[in-house]
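K.L.:
There's a structure below that I have some questions on.
Every number here is computed from the coordinates shown, using simple stated rules; none is lab data. Here the structure is a predicted model, which means the values were calculated and not measured. Glycine gets a Cβ as well: all are built from the backbone with ideal geometry, and neighbour counts include every protein chain shown.
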Amino acid sequence: MDKTQYGFGAILLLVEATIIIQMATMADYHSHAKATDNVGNNNAQLPKYYREEENILRKKHPVFQDVHVMVFIGFGFLMTFLKKYGFSAIGFNLLIAALNVQWSILCSGFFHGGSGHHHIDISITTLLSADLATAALLISFGAVLGKTTPLQLVIMGLIETALFTCNEHLGLNIFKAKDSGGSIFVHVFGAYFGLGASLALGHGKTISQGPGLEKEGSSYNSDIFAMIGTVFLWLFWPSFNSALVDGDDQHRAVINTYLSLTACCVTAFALSSLVSEEKKFDMVHIQNATLAGGVAIGTACDMMIYPYGALIVGVLGGSLSVIGYHYIQAAFLSNLKLHDTCGVHNLHGMPGVLAGIIGAVMAGVATESQYGLSLYQQFPARAPTKNSSQIHDNPQLSLLIPGDGRSAGDQAGYQLLALGVTLVIAVAGGLITGFILRVPVLNKMTKEQYFDDSHFWEIPADIKSHHQEPNKMAEGDGKTVEAFVYDNTLIDTAQ
Amino acid sequence: MDKTQYGFGAILLLVEATIIIQMATMADYHSHAKATDNVGNNNAQLPKYYREEENILRKKHPVFQDVHVMVFIGFGFLMTFLKKYGFSAIGFNLLIAALNVQWSILCSGFFHGGSGHHHIDISITTLLSADLATAALLISFGAVLGKTTPLQLVIMGLIETALFTCNEHLGLNIFKAKDSGGSIFVHVFGAYFGLGASLALGHGKTISQGPGLEKEGSSYNSDIFAMIGTVFLWLFWPSFNSALVDGDDQHRAVINTYLSLTACCVTAFALSSLVSEEKKFDMVHIQNATLAGGVAIGTACDMMIYPYGALIVGVLGGSLSVIGYHYIQAAFLSNLKLHDTCGVHNLHGMPGVLAGIIGAVMAGVATESQYGLSLYQQFPARAPTKNSSQIHDNPQLSLLIPGDGRSAGDQAGYQLLALGVTLVIAVAGGLITGFILRVPVLNKMTKEQYFDDSHFWEIPADIKSHHQEPNKMAEGDGKTVEAFVYDNTLIDTAQ
Amino acid sequence: MDKTQYGFGAILLLVEATIIIQMATMADYHSHAKATDNVGNNNAQLPKYYREEENILRKKHPVFQDVHVMVFIGFGFLMTFLKKYGFSAIGFNLLIAALNVQWSILCSGFFHGGSGHHHIDISITTLLSADLATAALLISFGAVLGKTTPLQLVIMGLIETALFTCNEHLGLNIFKAKDSGGSIFVHVFGAYFGLGASLALGHGKTISQGPGLEKEGSSYNSDIFAMIGTVFLWLFWPSFNSALVDGDDQHRAVINTYLSLTACCVTAFALSSLVSEEKKFDMVHIQNATLAGGVAIGTACDMMIYPYGALIVGVLGGSLSVIGYHYIQAAFLSNLKLHDTCGVHNLHGMPGVLAGIIGAVMAGVATESQYGLSLYQQFPARAPTKNSSQIHDNPQLSLLIPGDGRSAGDQAGYQLLALGVTLVIAVAGGLITGFILRVPVLNKMTKEQYFDDSHFWEIPADIKSHHQEPNKMAEGDGKTVEAFVYDNTLIDTAQ
């Protein structure tokens, strides 16, 4: 019996029960989803004013489903690359994401709540935001993949999402930073939180001691399974980055993200073969670095960066990511004793920081001549204050919701502030969470159990013996047991 | 030569030809798809009234594609979990679904036809409804998976879909029951029809005699393939349940289904580890029971069940499903000689009955204060009859299409009636169909051929010998042929 | 070190840099994606006229994402069917598609450009068209799959897409042919270009000499991976064919494509078992011929072909395709020394020619009584010329944009002309490109390296030895090395 799972089921049910009670006291339907509200309705029997406003579901449902696929198929399958950890990758991804979207809805209620005290009005946008917040947790999961128990993951999710919501609130509502694709608040936060947790948990120290783990590798099929994740992430990233904006902003976000990803993909292939001794492609790069363009363009994705700008960002993102996977990741392990299973630092961390810097630069050069009046929608804090002399000079500006009268430079500064604060909160939060997860009652895994499904899953008979009796296999005398097969074709030379 | 397939191709072509002739006499395009009709048009060269009505394609196309993915990827890959039956799972799923959507369009023409005699006006909604009807057949396929010939499946589909259409017509149009997510008409019907067919075919009796079938198990890769199906079903289930409703009803259906699935998923993981002796997760539960929340909320998905209510339904659905897989399925086989390959009773049957009961309860407590006037859109039979005294009291009600003046209790009763009648028709229909499929000319499979692709498919060379020469393998002397591999399974003769 | 890849990375970066420079000089955002343009905007703070026109993103985004999935998941996974070429199939598909969509945007700028000199206004439609154009390249890739280096593929893409754009311009704008689903301009062009290139490269000659290649086959898992591609292509094909049309035309294209595919799928299964000696299904047919209905209906997909007509087209497409795979493909290799890895001639070539002919027939019988005034939108060249006597007879016709006053027969002739010209340009272009790719500096692959990932990829340890030391394996004495495992982990205790 696996003692780390003892009580896990009971704790999970308790958490779910608590969430249900919270939802019962706090959550209601958004007016567009409520039968009694006369907006976004469709009752053909009723007067027309009941249904003249388009239900927001129609606008956001397709993009919501794209993001939903990214979170559950994309992240889930991307992490199946480990040869013996496929069940856990896709399974725990599903579990912690399903739990976390609920928790995220509750957390967001404290800040973005509707009418009344911490009241949450659930709409399609709420579900979409919950999926986006969950992406941060799944990025952190990538850093500790294969080295934690499900209970540790659940606890990590509860803490991380609470912190995520605070940090996002701070960045978006207090600093009034723009980050439409979530590169700062999702990718940077998720990656550095995960790295902090991994460091505090001491996984790197454990792994770098003694012989390497054969299980920390891929197999031919597991690499192809992972490509399902990669390609779906690659395909729907334009939806991810544009999900929460509208109109021409959304259109621009789709175009810029698509272009950035194409250039990033080409760059990742080029550099992957260039950094390789044998001039071969490395699946790790193709599975991950091809996506860095989606992260790198995230903050500026709906800004006027122009098509060529988006392509350049993609090249930078892809380059940074391949360099990270090829050079930096190993250095982290040997020098910092920091182990990062999926290399989230290379896909989400560094490209996210790059995105934050590019966003600040673009904010710093944004002018009314480039954006028209929609400059003040992009950066609401740049709208003139009430009774500002600007309004006197240009009466059109009186139409705007008053802002803080920030200059372009001010906005750039606040963008960098949001990035810096996110880094600090993420690293500190990750470290503290890692220390919490390290208490003996939670931290039950030994090095031998790393990257191995058989510790948590009932495993098909075909690979059970292999999983569970590694020593016996190593004792094979070379005659009676020549080959052990995990997962595929036997080519018997005797035939 | 496999004799059960002799003539199969010819019969299939004959069925297709018959369908084409029927379509030629009965089917036309819906006005929104017809060039001569001036609605939903887009001819920019023509006066504006030609195109002012939005084409219904735009409203339903995204949700149609989601359901399309569920039916062909979701069901297809979910059934690939058997280690040696992947080709048949995904292949026969494609074949019978492709045939059945055509047949379903014809069947629906008899009841829901357009203008003229049994005239079918095909629109995107027709295609969507055909996909939904096909889901019922694929659920029944799950009960008999691996134990029938393709010809038996084709015949089962023709009978089942005709009965499905009758039962749905009875429930929706005569009893005026509500079942937006199809939990009664699709899931309960499909599951109990399949169970009836399996019982009548005597598969359980065959399987429970003699030694168990090693082939009725999964391999490491086949389990991961199945998770592709699971996760896509999980992701698009909100679209499935909300596909045929609009406005705030659709919005509510998406929210409730999403929430129910998240709670169900968490519950399935918790109970899977709790019921396991070793406190490990069972892939069967994760692949299936995580989805039961989508079924359980189906009937009430667009009712005012509130977010916490949806979560509770998810917990109940997930619990029922894990209990079904862990305790009830084996009891069915040993006590009733009823074999259910995919456990459709646990994923679709019991959670579907639960959904029907929850729907009846929600209908029984539905009031105008909760729904406003849209109560009479949710439950059209509750609208007052023409010249009713209710209308005199509340003149707003005169705007409504007259109904039957049902009370909440009446409606609840009709909901239960629809559930009960569905159960009876499904079980009886399944039993009769099973007896028909049992005639010797159709029922050609022996127990040794169960769960084995090689009976119907040309198999890649790597596993051909294993598939076709089981005896030879068993004769291995332990020296020259140590291991036999099938795509996962190691059958070590030394053991 | 693999010399064919030497310099590959540098060339790729150079191509990307060139594209970026071109984009910087030529490309801007479409007005619906531009902050300064007051259309399709969403700035709630601004006067209503700023945002009253619906952004075209909303109309095309869902269908764009469907096509995006087809191009990258559909084509990519369909080609993973080779047992040892999965990394290359999905990886090179991603690489050349990502490069080509950029190049295609530039190429289209020369013909379909916006304001100014070769100015490209990028919108969601631009991205969608780039994806469609890329499909042609990926079809050609299918013909040479496993036999070319990535550098050859990149060069082929640059040439092919330039020619593709010329041919499409000629067909659509000069000949004014209709081809909404791209069967002529995408499928016929891509298939015959690829066949021409394969012939000129002499792959067939190489392969038909000496013993066959064991690696040119599938494994059990690789066939199931390929089915991911098949099913997603099958599911989203209605979106592919209808992507560029609107209103009732789009609706009709969805219905016709869906119906054609269902009938094609049933036919492919029937014929696959009928042509088989053992009456078994062949995975090659199921993976490919089930899709031919989508190609065969492509040109006429939005014409008034009626539901039964669409079904008949599906039957013809599926039949032609199975016949092609079963009889014609082998004859091409033995008689013409033409090797077609994926059988693109059977899935895209012949069904595409069929589509072109059906399109011409439908155009030849199209009348105003069937189409109303939208006849002149379907076939703009049939609209009367300015001051035509037709307009005098029917004043409604004066509303139309003047055309060339073509008769139905004229239009049919131009349809056939477009088909014929496409065939000529594709074959000639493919042959010339093949000869270019044959120069020694580019054409580095030996027969032994065909269909083998290990030539271009760092391969997981489990199959590395097998990939790289085929001779050693063949020397196994039957005692010390009993089994070789491909496609997953070999744990040889003798190591």
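K.L.:
Percent relative contact order of region C:121-277, based on C-alpha pairs within less than 8 angstrom and at least six residues apart?
P.N.:
25
K.L.:
Convert each backbone phi in region B:441-456 into a coupling constant with the Karplus relation 6.51 cos²θ - 1.76 cosθ + 1.60 (shift: θ = phi - 60°), then list the ³J(HN,Hα) values in order as whole Hz, x for Gly and Pro.
P.N.:
Karplus values, whole Hz, x for Gly and Pro: 5, 9, 9, 9, 8, 9, 4, 5, 8, 4, 6, 9, 4, 5, 6, 10.
K.L.:
Students often get this wrong, so check it: of A:Lys83/B:Lys147; A:Lys83/C:Lys205; A:Lys280/C:Lys83; B:Lys176/C:Lys60; C:Lys60/C:Lys83; A:Lys215/C:Lys280, which have C-alpha atoms separated by over 28 Å?
P.N.:
Where the Cα-Cα span goes over 28 Å, the pairs concerned are A:Lys83/B:Lys147; A:Lys83/C:Lys205; B:Lys176/C:Lys60; C:Lys60/C:Lys83; A:Lys215/C:Lys280.
K.L.:
Below 15 angstrom from the Cβ of A:Phe72, what's the summed charge of the other residues (Lys, Arg +1; Asp, Glu -1)?
P.N.:
-3
K.L.:
When the Cα atoms of the protein assembly as shown are enclosed in a convex hull and the volume is divided per residue, what value in Å³ results? Provide the component values of the computation, followed by the final result.
P.N.:
Numbers: hull volume 251.5 nm³, N = 1485.
With only Cα atoms used, the protein assembly as shown gives 169 Å³ per residue.
K.L.:
What is the distance in Å between the Cα centres of region B:234-308 and region A:147-193?
P.N.:
26
K.L.:
What does the net charge come to around B:Leu271 if you take all other residues with beta carbon closer than 15 Å to its beta carbon, with K and R at +1 and D and E at -1?
P.N.:
Residues close to B:Leu271 contribute a combined charge of -3.
K.L.:
Would you list the membrane-span-like helices of chain A, meaning whole DSSP H runs whose alpha-carbon atoms span at least 30 Å along their axis and whose mean Kyte-Doolittle value is at least 1.6? Can you show the working numbers first?
P.N.:
Details: long enough: A:86-112 (37 Å, 1.25); A:124-144 (31 Å, 1.73); A:220-242 (34 Å, 0.74); A:247-275 (41 Å, 0.67); A:408-437 (43 Å, 1.50).
Result, helices passing both filters: A:124-144.
K.L.:
7 Å from Cα along Cα→Cβ at both C:Gln396 and A:Ala428: what's the point-to-point distance in nm?
P.N.:
Computed distance between label sites C:Gln396 and A:Ala428 equals 7.3 nm.
K.L.:
Say a paramagnetic label sat at a point 7 Å from the Cα of A:Leu417, along Cα to Cβ; which residues of region A:162-189 have their backbone N under 14 Å from it?
P.N.:
Of the residues in region A:162-189, A:170-178 have backbone N under 14 Å from the label point off A:Leu417.
K.L.:
A further question on this structure: How long are the semi-axes of the equivalent ellipsoid of chain B, defined as square roots of 5 times the Cα gyration tensor eigenvalues? Whole Å, largest first.
P.N.:
42, 27, 20
K.L.:
Please report the Cα spread of region C:371-424 along all three principal axes, rounded to whole Å, starting with the longest.
P.N.:
Sorted from largest, the Cα extents of region C:371-424 read 42, 20, 16 Å.
K.L.:
Take the Cβ-Cβ distance between B:Ser407 and A:Thr25 as r, set R0 to 41 Å, and report the resulting FRET efficiency rounded to the nearest 0.05.
P.N.:
Here the calculated transfer efficiency is 0.85.
K.L.:
Hey, what did chain C get for relative contact order, percent, Cα under 8 Å, at least 6 apart?
P.N.:
Value for chain C: 19 percent.
K.L.:
What does region B:117-237 give for Rg and for Dmax, in Å, if only its C-alpha atoms count?
P.N.:
Cα only, region B:117-237: 17.1, 56 Å (Rg, Dmax).
K.L.:
Let me ask you something else. What is the local net charge at A:Thr367, summed over the other residues whose Cβ is closer than 15 Å to its Cβ (Lys, Arg +1; Asp, Glu -1)?
P.N.:
Net charge around A:Thr367: +1.
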